[in-house]
Amino acid sequence: MSLTISDKAVLINAIRDIPDFPKPGIVFKDITTLLSDKDAFSLLMRHLHERYHSYNLTHIAGIDARGFIFGAALAQMLGVGFVPIRKKGKLPYTTVSEKYSLEYGVDEVEIHIDAFSGVDTPRVLLIDDLIATGGTAYAAANLITKVGAECVEACFIMGLDFLSGQSKLRDIVEVYTVIGVD
């Protein structure tokens, strides 16, 4: 199911802009309004199901926290497992971690060491709501590989096209964004 121009408009119009959040000069893209719009959310999830149903995925990995929403729903639709990639210190079992740079400092994400156990050749889709500078997504894709799985593609509901995150991430994995924002 390819998205038409009007389909993309439905999705874009379902996302609320919050100016000056979390700090002045930033326009935050709030997906809570897309989630509460049953028609827009259904359109998005049908599109993602159609795109990924033939990828022979074994898991969807969602990035903390909004990636959990889209990832868990898509995993259920595809009949595959869901794996959370969380900020440091949030997972209860033995983890593998990856650090990444922020504008002013470093952060870290983790995955359970046995996230894909029981599957001979895990094929994983990484998903999140938005890609900006790409640091978190890059670290998450590396984590998937570190624990022995293949990150088949990284999917984002929105891509901030004016930032370098997508091109940086394409160095290690295919990238798909549903809608681009200039």
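Roughly how many debye, to the nearest 20, is the charge dipole of the range 1-130 about its Cα centre, given +1 on each Lys and Arg Cβ, -1 on each Asp and Glu Cβ, and no other charges? Show your work: numbers first, answer last.
Details: 14 positive and 17 negative charges, 24 e Å.
It works out to roughly 120 debye.
Once you keep just the Cα pairs under 8 angstrom separated by 6 or more residues, what percentage relative contact order results for the range 56-181?
Rounded, it is 23 percent for the range 56-181.
Do any chymotrypsin sites (Phe, Trp or Tyr not before Pro) in the range 119-172 lie in a loop, going by DSSP, with at most 10 other beta-carbon atoms within 10 Å of their beta carbon, and if so which? If you can, show how the numbers build up before the last one.
Working: sites: 138, 156, 162; in loops: 162.
In loop regions of the range 119-172 (DSSP not H, G, I, E or B), the sparsely surrounded chymotrypsin sites (Phe, Trp or Tyr not before Pro) are 162.
Going through the range 24-98, which chymotrypsin sites (Phe, Trp or Tyr not before Pro) have at most 10 other Cβ atoms within 10 Å and a DSSP loop state? Could the numbers behind the result be given before it?
Numbers: sites: 28, 41, 52, 55, 68, 70, 82, 93; in loops: 55, 93.
Filter output for the range 24-98: 93.
Report the local net charge at residue 115: Lys and Arg +1, Asp and Glu -1, summed over other residues whose C-beta lies under 15 Å from its C-beta.
-2
Taking the simple approach of a point 7 Å from Cα along Cα-to-Cβ for both residue 50 and residue 163, what is their distance in nm?
If labels sit at residue 50 and residue 163, their model points lie 2.9 nm apart.
Work through the residues other than residue 51 whose Cβ is under 15 Å from its Cβ and net out their charges, Lys, Arg +1 and Asp, Glu -1.
Working: positive: 8, 46, 123; negative: 7, 50, 153, 174.
Result for the local shell: -1.
If one computes the Cα centroid of the range 77-91 and of the range 128-167, what distance in Å separates the two points?
14
For residue 29, list the aspartates and glutamates whose Cα falls under 20 Å from its own Cα; do not include residues on the same chain fewer than 8 positions away.
Correct list for residue 29: 7, 17, 20, 37, 39, 64, 103, 128, 129, 161, 182.
Only loop residues by DSSP count here, and only those with at most 11 other Cβ atoms within 10 Å; note down the GluC sites (Glu not before Pro) in the range 93-157 that meet that.
103
Given q = 0.12, 0.14, 0.24 Å⁻¹, what are the Debye log10 I(q)/I(0) values for the range 1-106, with equal point scatterers placed on the Cα positions and solvent ignored?
Reported log10 I(q)/I(0), two decimals: -0.57, -0.75, -1.25.
At a Förster radius of 35 Å, what calculated FRET efficiency corresponds to the Cβ-Cβ distance of residue 30 and residue 104, to the nearest 0.05? Walk me through the intermediate numbers first.
Values: r = 24 Å, r/R0 = 0.68.
With R0 = 35 Å, the Cβ-Cβ based efficiency is 0.90.
Label the range 56-181 by shape, choosing from rounded, prolate and oblate, from the square roots a ≥ b ≥ c of the eigenvalues of the Cα gyration tensor; if a/c is under 1.5 it is rounded, and otherwise prolate applies when a/b is larger than b/c, oblate when it is not.
On the way: a/c = 1.66, a/b = 1.20, b/c = 1.38.
Taking the square roots of the gyration eigenvalues as a ≥ b ≥ c, the range 56-181 is oblate.
In the structure displayed, which of 38/146; 8/88; 23/90 lie more than 32 Å apart, Cα to Cα? Provide the component values of the computation, followed by the final result.
Details: 38/146 37 Å; 8/88 34 Å; 23/90 26 Å.
Beyond 32 Å: 38/146; 8/88.
Taken together, the values in this text are just the output of simple stated rules run on the coordinates, not laboratory data. Quantities reported herein were computed from a predicted structural model and do not represent experimental measurements. Note that each Cβ is placed from the backbone with ideal geometry, even for glycine, and that neighbours are counted across all protein chains shown.
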